[in-house]
Amino acid sequence: MPIRQLSETVIDRIAAGEVVERPASVIKELVENALDAGARSVSIATAGGGKTLMRVTDDGCGIPVCELPLAVRRHCTSKLSEDLFDIRTLGFRGEALPSIGSVARLTLRSRERGADEAHEIEVQGGRLSGPRPAALSTGTVVEVRDLFHAVPARLKFLKSERAETSAITDTVRRIALAFPAVRFELSGPDRTRLVLEAGAEDDPLPRIGAILGSEFAENAVLVDAEREGVRLTGHIGLPTFHRGNALHQFVYVNGRPVRDRMMLSALRAAYADVMARDRHPVAVLFVSIDPALVDVNVHPAKADVRFRDAGLVRGLIVGALRQALAGVTVRPDTAGASGLMARFRSYSAPAQANYDFATAPFRPLDEPSGSSRGGLAEPADAAMRFEGFAPQARAEREPPAAASQPAAPSGDYPLGAARAQIDRAFVVAETGDSLVIVDQHAAHERLVYEALKEALHARPLPAQMLLIPEIVDLPEGDVDRLDAEAETFARFGLTLERFGPGAIAVRAVPAMLGQTDAAALVRDLADDLADTGSGAGLQERVDHVAATMACHGSVRSGRVLKVEEMNALLRQMETTPGSGQCNHGRPTFIELKIRDIEKLFGRR
Ligand code: ADP
Ligand code: MG
């Protein structure tokens with residue numbers, strides 16, 4: 001075939017592929033245009049997940065009638081002069097409207113500020129008609145119908161109406177966070193409505209609260225820092241306010257929502273010392289930087305950025321966040337312990353697993369059975385009590401176990417006998433020749449996890465009905481995902497029911513978890529589902545649910561354990577496969593040989 005120039009329509013369609021991926025990307029472009037036009041109020045209406053209709057109405061500056069045809073022509077923009085490194089608007093490529101016009105029916109109705117008449121044009125399959133007079137009092141209305149009607153292949157890639165609607169909502173929320181002074185209204189199918197009232201430009205907190213929940217606003221720390229002309233502002237969650245995934249992190253560069261790996265990884269790094277690796281902080285961060293120092297023209301969707309000096313921005317984020325967090329957290333000094341740490345070894349899982357779940361059903365630690373094996377009834381602190389400082393009392397090189405040891409058959413068990421609990425988080429046990437320290441939460445979580453998985457093979461797990469169902473408010477997308485997996489949850493004894501578009505009713509919780517915060521559990525499960533998606537296989541999803549439930553059903557650090565409870569934990573660990581590691585791969589206990597302790601004291 002000879003080389004020839006492609007038609008405008010085909011060129012636009014090719015370009016459209018990059019700009020318009022799904023309904024939410026159309027909404028993004030149209031809302032950005034409204035904001036660039038100085039709108040104080042933006043309304044968005046959708047139908048059919050945006051596939052049948054999307055309409056964005058603004059009260060911005062409008063478009064002069066003579067420019068209407070230009071607005072839908074490729075590479076025509078009122079925003080960019082010739083300097084690609086001085087971009088102060090959200091749009092600049094002059095691509096959105098023509099791209100949309102090539103894959104949908106597009107109507108553009110506008111009234112330039114001060115003009116006494118409004119006009120509209122229409123684009124269908126790349127063909128333009130108008131302008132003709134129309135009725136509109138102010139601003140601009142852009143209407144997009146039958147998205148991808150001319151590109152059926154694209155239509156096939158779209159998700160369900162619900163999923164597309166929730167993607168649109170996410171898009172609007174993300175943009176709205178950066179424009180607290182603009183009113184947003186989003187109305188979709190089945191009466192869903194999101195109204196964000198205009199607030200003060202310099203007080204983003206009410207908007208943040210409206211979008212991320214007042215809970216976040218109450219648990220957030222203000223960030224405001226500057227380095228070499230780059231400014232970082234925003235609100236970040238306290239380390240205790242963590243979520244199960246990174247979907248609650250919003251980063252902006254000069255008011256533009258971006259997906260920047262560097263910025264997100266800086267955020268993670270800032271929290272590394274104060275948050276478990278599998279948890280994610282919640283944050284809203286704005287970087288303001290000289291437009292000349294950042295390239296936003298990386299991709300047509302404009303969500304990627306390149307900083308001239310990425311190190312500077314990263315350093316600013318990590319430094320400023322750590323400083324903000326330092327005001328609210330106490331960080332332990334672990335430097336001196338490293339020599340000692342080298343002497344510890346983490347225990348590998350018992351080779352023989354002979355725990356029989358049929359005959360020895362899992363018992364939550366909350367209800368100690370009283371059958372403390374091995375006669376370990378002495379008070380937990382017996383061995384910890386100081387016997388007085390008597391250096392001569394012990395003969396040299398005397399075997400250490402002999403002297404002040406309360407009678408206890410500690411050698412009988414690989415993990416020994418519980419002697420004490422420290423910091424309400426660690427169980428200290430003694431075996432015939434070593435000291436064992438168990439992370440009570442991690443260990444118990446693993447036990448619950450194994451028990452849940454094991455028990456599931458046999459039959460659905462027993463449920464504990466709630467007298468009053470607990471109603472958990474959640475974003476619609478989360479409700480959908482939970483609802484779709486209701487059957488899986490039911491196998492665990494967790495009964496969930498859709499309760500309107502934005503809530504889930506919890507009717508029963510797994511009996512095995514005992515007293516548990518049902519709302520927190522459901523939120524974490526929703527986060528998990530959003531992370532793994534429905535693409536994951538059943539087994540994977542079931543394991544995931546088990547892991548999340550295990551975390552909720554476990555003795556949290558911070559609980560005082562009775563000595564019987566501690567010993568019960570140790571005995572169960574000994575017989576449960578894989579109990580040497582928690583669900584996140586960290587050891588559940590460490591062991592220090594007495595002989596190494598002697599070395600530490602220079603006795604060997
Ligand atoms: P870009 O935003 O990159 O300039 P678009 O294709 O999105 O490209 O829009 C083309 C032009 O149409 C804009 O530069 C602007 O002049 C005009 N325009 C689009 N939407 C609006 C609106 N809501 N209000 C005023 N002008 C608009
Ligand atoms: Mg635009």
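The values are calculated or read from the model by the stated rules, or taken from the named source; none is laboratory data. Not measured: the values here are computed from a predicted model. Reconstructed Cβ throughout: ideal geometry from the backbone, glycine too, with neighbour counts over all protein chains shown.
Scanning the range 231-266 for residues that are surrounded by fewer than 21 Cβ atoms within 10 Å (Cβ to Cβ), hydrophobic (A, V, I, L, M, F, W, C) and either touching a residue at least 60 places away in the same chain (Cβ under 8 Å) or assigned to a helix (DSSP H, G or I) (or both) yields 238, 246, 247, 262, 264.
Table: residues versus (1) surrounded by fewer than 13 Cβ atoms within 10 Å (Cβ to Cβ); (2) in a helix (DSSP H, G or I); (3) modelled with pLDDT of 90 or more.
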position	(1), (2), (3)
286	no, no, yes
299	yes, no, no
303	no, no, no
313	no, yes, yes
321	no, yes, yes
328	yes, no, no
331	yes, no, no
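Filter the helices (runs of 4 or more DSSP H) completely within the range 508-580 down to those with at least 3 residues that are modelled with pLDDT under 80, out of contact with any His (no Cβ under 9 Å at 6 or more places or on another chain) and closer than 23 Å to residue 460 by Cα. Give the derivation first.
Details: elements: 518-532, 538-553, 563-575.
So the answer is 538-553.
How many of the residues in the range 127-142 are part of a strand (DSSP E or B), small (Gly, Ala, Ser) and away from ligand 2 (no atom under 16 Å from the Cβ)?
Of the residues in that region, 3 qualify.
Within the option set 128, 108, 68, 80, being farther than 19 Å from residue 22 by Cα, in contact with a His (Cβ under 8 Å, 6 or more places away or on another chain) and either among the hydrophobic types (A, V, I, L, M, F, W, C) or surrounded by fewer than 16 Cβ atoms within 10 Å (Cβ to Cβ) (or both) holds for one residue only, 68. Applying the set (1) of a type in the set (A, V, I, L, M, F, W, C); (2) closer than 17 Å to residue 26 by Cα; (3) free of Cβ contacts under 8 Å to residues at least 60 places away in the same chain; (4) within 12 Å of ligand 2 (Cβ to nearest atom) to residue 106 leaves exactly one unmet item: (4). At least 3 residues being under 34 Å from the mean Cα position of the chain (by Cα) and closer than 25 Å to residue 305 by Cβ is the threshold, and among the helices (runs of 4 or more DSSP H) wholly inside the range 15-120 those reaching it are 23-36, 96-103.
Does residue 35 satisfy the condition of being in contact with a Phe, Trp or Tyr (Cβ under 8 Å, 6 or more places away or on another chain), within 12 Å of ligand 2 (Cβ to nearest atom) and more than 21 Å from residue 171 (Cβ to Cβ)? The answer is no for residue 35.
From the list 56, 26, 20, which residue is among the β-branched types (Val, Ile, Thr), within 14 Å of ligand 2 (Cβ to nearest atom) and modelled with pLDDT under 95? Show your work before the answer.
Details: 56 fails: modelled with pLDDT under 95; 26 fails: modelled with pLDDT under 95.
Among 56, 26, 20, only 20 is among the β-branched types (Val, Ile, Thr), within 14 Å of ligand 2 (Cβ to nearest atom) and modelled with pLDDT under 95.
For the range 96-134, filtered to residues that are within 12 Å of ligand 1 (Cβ to nearest atom) and in contact with a Pro (Cβ under 6 Å, 6 or more places away or on another chain), the residue that is nearest to residue 300 (Cα to Cα) is 121.
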